[in-house]
Amino acid sequence: MEITLNNRQEAIGADSLTITELLKYKNFTFKFLVIKINGVLIKKDFYNTATIKDGDDVAVLHLTSGG
Amino acid sequence: MHQLGQKKVIALRNNINLINPEVKVNAIDIKLQAKDIIKIFSDCDVIVEAFDLAEMKHMIIETVLSEMPDKIIVSGVGLAGWGNNNSITTSYSGRLIICGDGETEVSDDLPPLAPRVGIVANMQANQVLEILLGRGNY
């Protein structure tokens, strides 16, 4: 499938992925992330169940300490 | 130096009042939790996130985006260290606006220093003015 990940086109060798699978695939290991699928916030509790499909627009924002 | 030992919220209120005595500041000294955020910021047009810890940033962003559907949150992410002016930008994701480089994290080697912290804080303030006064997309 082809998705948009953080405003970039990305080809992934699967028909669908959960958020957890995507994070593993991309090696995103940050503890605190804000994740949206097609503009809708996905809370951490749903990372194992929310699925990403072909054509989806996914944002994975990394939160770092400092303020 | 004369403010050493004071609570941040009290010192900030005093400083703002010295700049402009007409400004009303409601200083609240608590450790914020999701339920407090929903209550305390219910009348705000824009919420500015300036927490130290990523964990707290995560908590307020999730709360605002999921529980407060008419609020915009302007967050600061990635301001540690020094130099590299042009890495600091503003990114827009619906009601979440992030100012900063999006990646540097405060550590022993990368302390929060006034210049980059100030740049990000001023960008957040500038973004809030754009939202409140118009001229932007808000």
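Bear in mind these aren't lab numbers, they're just calculated from the coordinates by the rules spelled out. All of these numbers come straight from a predicted model, not from anything done at the bench. Methodologically, a virtual Cβ is constructed for each residue, glycine included, from the backbone with ideal geometry; neighbour enumeration extends over all protein chains shown.
Give the lysines reachable from residue A:43 as a straight Cα distance under 26 Å; neighbours fewer than 8 places away on the same chain don't count.
Result set, ordered by chain and number: A:24, A:26, A:31, A:53, B:31, B:35, B:39, B:57, B:71.
Antiparallel as a % of all DSSP beta bridges within the protein assembly as shown, to the nearest 5?
65 percent
Rounded to the nearest Å, what's the spacing between the alpha carbon centres of region B:76-110 and chain A? Just the number, please.
When both Cα centres are located, 20 Å separates them.
Using only DSSP helix segments of four residues or longer, with each worth -39500 (n - 2.57), what per-residue ellipticity at 222 nm results for the protein assembly as shown after dividing by its residue count and rounding to 500?
-9500 deg cm²/dmol, from helical runs alone.
On average over all directions, what projected area in square nanometres does region B:56-120 have, based on the convex hull of its Cα atoms?
Numbers: hull surface 18.2 nm².
With the hull built on Cα positions only, its mean projection is 4.6 nm².
How are the alpha carbon pair distances in chain A distributed across 10 Å bins from zero to the largest one, expressed in percent?
Pairs per bin, as whole percents: 20, 60, 17, 3.
For region B:65-82, in order, what is each residue's ³J(HN,Hα) by Karplus, 6.51 cos²θ - 1.76 cosθ + 1.60 with θ = phi - 60°, in whole Hz (x at glycine and Pro)?
5, 9, 10, 10, x, 9, 9, 9, 10, 10, 10, x, 9, x, 9, 6, x, 8
Check the straight Cα-Cα distances from residue A:36 and name the aspartates and glutamates below 12 Å, setting aside those fewer than 8 residues away within the same chain.
A:56, A:57, B:62
Can you give the convex hull volume of the alpha carbon atoms of the protein assembly as shown per residue, in Å³?
Value for the protein assembly as shown: 151 Å³ per residue.
Starting from the Kirkwood Rh over alpha-carbon pairs, what translational D in µm² s⁻¹ does chain B have by Stokes-Einstein at 4 °C and 1.567 mPa s?
Here the translational diffusion coefficient equals 80 µm²/s.
Work out the length of the dipole vector of chain B about its Cα centre, built from +1 on the beta-carbon of each Lys and Arg and -1 on the beta-carbon of each Asp and Glu, and round it to the nearest 20 debye. It would help to have the intermediate numbers written out before the result.
Values: 12 positive and 17 negative charges, 90 e Å.
With Lys and Arg at +1 and Asp and Glu at -1, about 440 debye.
Between the DSSP loop rule and a limit of at most 10 other Cβ atoms within 10 Å, which trypsin sites (Lys or Arg not before Pro) in region B:55-123 are left? Don't skip to the end; give the middle numbers.
On the way: sites: B:57, B:71, B:95, B:116; in loops: B:71, B:95.
Qualifying residues, ordered by number: none.
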